[in-house]
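Below you'll find the structure, written out as structure tokens, and then a few comments.
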Amino acid sequence: MDIKKREIAYDGFFKMYTLTVEQDGHTFTREQYDRGTAVAAMVFDTEKQEYVLTKQFRIGSESELVEIVAGMVDEGEEPETSIKREIEEEIGYEVDKLEFLHKFYSSPGGSTELVWLYFAEVSHQKADGGGNSSEHEQIEIMRYSPAELDALVTPDAKTIIAQQWVKFKNKA
């Protein structure tokens, strides 16, 4: 498949492009949702021996979701810097140790979103968290024992991937 042309179809909070593509002598269009680069982390409080997740309303699901800490990489920012900022904004912790796990596309059939997934160890909550008020975030902090995390059922893909990593890590 060869991209011949890219046009902005929508330029709002997010961007949408119309791509003209050619494949096997056929030319057609596809829409592409430009979501940017995201970061996410499974956070473990080493003092309390519990996982720290978030609960917030999500536009995509039109519901509240329990999920790992996540956010977008700001322009000019490195993913590691972004996830440390998100952890502080959302749950109020400083990061003691950060381990990169994976990079993956959340929905590559139509979205550009690339997620950088981390495991973060924390021990000191220096602020209340709750999100960035200028971004209209209202985030509830959720705490789970290892057994409770294992039993948690969520429709959020990045959280499911992180849960599976924790299960694998704990079996090794």
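The values are calculated or read from the model by the stated rules, or taken from the named source; none is laboratory data. In this text, all values refer to a predicted model and were calculated from it rather than measured experimentally. FYI the Cβ positions are ideal-geometry reconstructions off the backbone, even for glycines, and counts take in every protein chain you see.
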Those residues of the range 95-108 which are of a type outside the set (S, T, N, Q) and under 18 Å from the mean Cα position of the chain (by Cα) amount to Val95, Leu98, Glu99, Phe100, Leu101, His102, Lys103, Phe104, Tyr105, Pro108
Subset of the range 113-150, residues free of Cβ contacts under 8 Å to residues at least 24 places away in the same chain and over 16 Å from Phe44 (Cα atoms), comes to Ser133, Ser134, Glu135, His136
Those residues of the range 125-137 which are surrounded by 12 or more Cβ atoms within 10 Å (Cβ to Cβ) and either out of contact with any Asp or Glu (no Cβ under 6 Å at 6 or more places or on another chain) or small (Gly, Ala, Ser) (or both) amount to Gln125, Gly129, Gly130, Gly131, Glu137
Of the residues in the range 37-61, those that are at positive phi and either at pLDDT below 95 or hydrophobic (A, V, I, L, M, F, W, C) (or both) number 0
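Could you check how many residues of the range 99-156 are among the small types (Gly, Ala, Ser) and part of a helix (DSSP H, G or I)? Walk me through how you get there before you give the answer.
So in the range 99-156, the residues among the small types (Gly, Ala, Ser) come out as 106-107, 109-111, 120, 123, 127, 129-131, 133-134, 145, 147, 151.
Adding the requirement that they be part of a helix (DSSP H, G or I) leaves 133-134, 147, 151.
The total comes to 4.
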Exception for Ile161 within (1) in a helix (DSSP H, G or I); (2) closer than 30 Å to Arg30 by Cβ; (3) touching a residue at least 60 places away in the same chain (Cβ under 8 Å) falls at (3)
Apart from one, (1) farther than 17 Å from Leu152 by Cβ; (2) in contact (Cβ under 8 Å) with a residue 24 or more places away in the chain; (3) among the small types (Gly, Ala, Ser); (4) exposed (fewer than 13 other Cβ atoms within 10 Å of the Cβ) all hold for Gly12; the odd one out is (2)
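Looking at the range 63-79 only, could you name the residues that are in contact with a strand residue (DSSP E or B) (Cβ under 8 Å, 6 or more places away or on another chain), small (Gly, Ala, Ser) and farther than 15 Å from Ser106 by Cα? First the steps, then the outcome.
First, the residues of the range 63-79 that are in contact with a strand residue (DSSP E or B) (Cβ under 8 Å, 6 or more places away or on another chain): 63-73, 79.
Within this subset, residues satisfying the condition of being small (Gly, Ala, Ser) are 63, 70-71.
Selection gives Ser63 alone.
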Going through the range 80-96 in order, the residues found to be of a type in the set (Val, Ile, Thr) and touching a strand residue (DSSP E or B) at 6+ places or on another chain (Cβ under 6 Å) are Ile83, Ile87, Ile91, Val95
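Just checking, which of Asp96, Asp45 is among the acidic types (Asp, Glu), in contact with an Asp or Glu (Cβ under 7 Å, 6 or more places away or on another chain) and under 23 Å from Glu148 (Cβ atoms)? Don't jump to the end; show me each part of the working.
Numbers: Asp45 fails: in contact with an Asp or Glu (Cβ under 7 Å, 6 or more places away or on another chain).
The unique qualifying residue is Asp96.
Per-residue answers, yes or no, for (1) in the same structural domain as Lys158 (by TED's automatic domain parsing); (2) modelled with pLDDT under 95; (3) not basic (Lys, Arg):
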{"residue": "Ile87", "(1), (2), (3)": "yes, no, yes"}
{"residue": "Ile91", "(1), (2), (3)": "yes, no, yes"}
{"residue": "Lys97", "(1), (2), (3)": "yes, no, no"}
{"residue": "Gly110", "(1), (2), (3)": "yes, yes, yes"}
{"residue": "Val122", "(1), (2), (3)": "yes, no, yes"}
{"residue": "Gly131", "(1), (2), (3)": "yes, yes, yes"}
{"residue": "Glu135", "(1), (2), (3)": "yes, yes, yes"}
Scanning the range 41-95 residue by residue, the ones that are touching a helix residue (DSSP H, G or I) at 6+ places or on another chain (Cβ under 7 Å), buried (at least 17 other Cβ atoms within 10 Å of the Cβ) and farther than 15 Å from Val122 by Cβ total 4
